[in-house]
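The values are calculated or read from the model by the stated rules, or taken from the named source; none is laboratory data. Please read these numbers as outputs of a predicted model, since none were measured by experiment. Here Cβ is always computed from backbone atoms with ideal geometry, including for glycine, and neighbour counts include all displayed protein chains. SASA here: full protein model, heavy atoms, side chains in, ligands and nucleic acids out. Shrake-Rupley method; radii C 1.70, N 1.55, O 1.52, S 1.80 Å.
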Amino acid sequence: MTQAWLNRITTAVPPHDIHAAFLEFGRDTVADWHKRALFDRMAKLSDIQHRYAIFEPGPRPREKILDVTGFYRRGAFPSTAARMALYQPHALDLAMTAVRKLDADRNAITHLIVASCTGFTAPGLDFQIMQAAGLPDSTQRTIVGFMGCFAAVNALKLADQIVRADRQSRVLVVNLELCSLHLQEDFQDLPKMLSFMLFADGASAALVTADPTGILLGRFQAAIIPRSHDLITWHIGDAGFEMHLSGQVPGRIRRWLPESGARLLPPDKPSLWAVHAGGRSILDGIQQGLYLAPDALRHSRAVLRDYGNMSSATLMFVLHKILHDPDGRGPGVAMAFGPGLSVETFAFTRP
């Protein structure tokens with residue numbers, strides 16, 4: 001029986017570390033000293049040191065303008081149309097940075113799968129990548145759109161099914177997110193502002209084939225956490241895509257996992273954990289809910305620290321670390337949460 005392997009992964013981020021600038025920009029907006037103290041405390045507890053974005057931070061002081069172009073100017077935040085006008089060129093540029101680093105034989109690619117929830121155009125990013133990468137016009141293309149943080153699992157699931165159906169298939173999987181395009185100006189809504197303290201831009205490219213190298217993909221599974229559909233939402237507004245990430249999410253995950261999470265795990269006890277780095281409290285909730293060892297989520301925590309939450313690209317960054325860890329061998333499980341609350345997992349083995 002044909003099995004699918006995740007042969008290689010490459011990652012890319014924009015050149016601008018926006019994290020410190022955003023914290024200054026957001027903090028200066030909070031007039032109430034109680035809220036400001038809470039903001040400072042949550043910033044320290046986030047375990048994030050760096051986040052990268054397509055926007056270059058502007059000079060200090062940053063009371064009114066976040067970036068050098070003035071795209072985010074207090075009192076005049078951009079429309080959705082203005083944000084999407086930036087998505088098309090920057091999305092292609094960052095995606096192609098990751099694709100070129102993969103150094104795959106472009107003439108051998110049979111399928112292209114692109115996951116993104118932070119922007120849309122037509123012809124889409126899949127078409128643009130196909131042309132920019134010089135892939136054959138016959139390349140079969142699929143967009144996995146608007147699925148949020150667990151979209152990487154769905155993209156790999158499609159690649160897995162394609163390779164299992166035809167062992168000659170060679171699938172290029174690209175994850176691209178420009179979360180920085182959707183910063184909202186309602187800074188008096190502290191929970192909303194704190195949620196945007198997590199998000200960043202990033203891209204990954206991966207090759208999935210029947211060649212037995214890299215990570216062997218196993219069983220894919222999905223579940224829904226009951227009575228949680230309103231905890232993570234993502235709506236298109238007049239001023240960008242409006243993200244809602246409830247503070248109840250970590251607790252709901254932590255309570256659900258001990259009773260229901262076991263059925264999503266492979267029969268072999270995992271020694272490797274690739275968990276979407278959605279935030280420190282979410283990783284804590286997963287670690288507590290599954291009674292994991294203190295260092296089990298070390299790769300996820302490292303990605304969160306160095307890059308923040310890049311939505312669908314984040315899990316691929318974690319898998320990239322596992323793939324390049326000389327001690328990271330054995331059975332594993334990947335897990336991501338997103339709107340629903342939906343839980344997507346797959347087993348894997350790194351021989």
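Do we find a residue being open to solvent by less than 10 Å² (accessible area, probe 1.4 Å) and out of contact with any strand residue (DSSP E or B) (no Cβ under 7 Å at 6 or more places or on another chain) anywhere in the range 273-282? Scanning the range 273-282 turns up no residue that is open to solvent by less than 10 Å² (accessible area, probe 1.4 Å) and out of contact with any strand residue (DSSP E or B) (no Cβ under 7 Å at 6 or more places or on another chain).
Taking every residue in the range 22-35 that is within 20 Å of residue 181 (Cβ to Cβ) and hydroxyl-bearing (Ser, Thr, Tyr) and pairing it with any residue that is at pLDDT below 75 and surrounded by 16 or more Cβ atoms within 10 Å (Cβ to Cβ), at least 6 positions away or on another chain, the pairs with Cβ-Cβ distances below 9 Å are 29/187; 29/193. For the range 100-127, a residue qualifies if it is out of contact with any strand residue (DSSP E or B) (no Cβ under 9 Å at 6 or more places or on another chain) and closer than 19 Å to residue 177 by Cβ, and the qualifying residues are 121, 122. Residue 134 satisfies every condition listed in (1) at positive phi; (2) crowded, with 20+ Cβ neighbours inside 10 Å except (2). The set of residues in the range 66-78 that are assigned to a loop (DSSP other than H, G, I, E, B) and either among the β-branched types (Val, Ile, Thr) or over 10 Å from residue 181 (Cα atoms) (or both) comprises 66, 68, 69, 70, 74, 75, 76, 77. Among the residues of the range 283-313, those identified as outside any loop (DSSP other than H, G, I, E, B) and open to solvent by 10 Å² or more (accessible area, probe 1.4 Å) are 284, 287, 288, 298, 299, 301, 302, 305, 306, 307. Checked across the range 11-21, the condition of being part of a loop (DSSP other than H, G, I, E, B) and either among the aromatic types (Phe, Trp, Tyr) or closer than 30 Å to residue 217 by Cα (or both) holds for at least one residue.
Residues checked against (1) small (Gly, Ala, Ser); (2) under 19 Å from residue 85 (Cβ atoms); (3) not in a helix (DSSP H, G or I):
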| position | (1), (2), (3) |
| --- | --- |
| 104 | yes, no, yes |
| 118 | no, yes, yes |
| 122 | yes, yes, yes |
| 127 | no, yes, no |
| 134 | yes, no, yes |
| 138 | yes, no, yes |
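Among the residues making up the range 314-351, those that are in a helix (DSSP H, G or I) and either buried (at least 22 other Cβ atoms within 10 Å of the Cβ) or in contact with a strand residue (DSSP E or B) (Cβ under 7 Å, 6 or more places away or on another chain) (or both) are 314, 315, 316, 317, 318, 319, 320, 322, 323.
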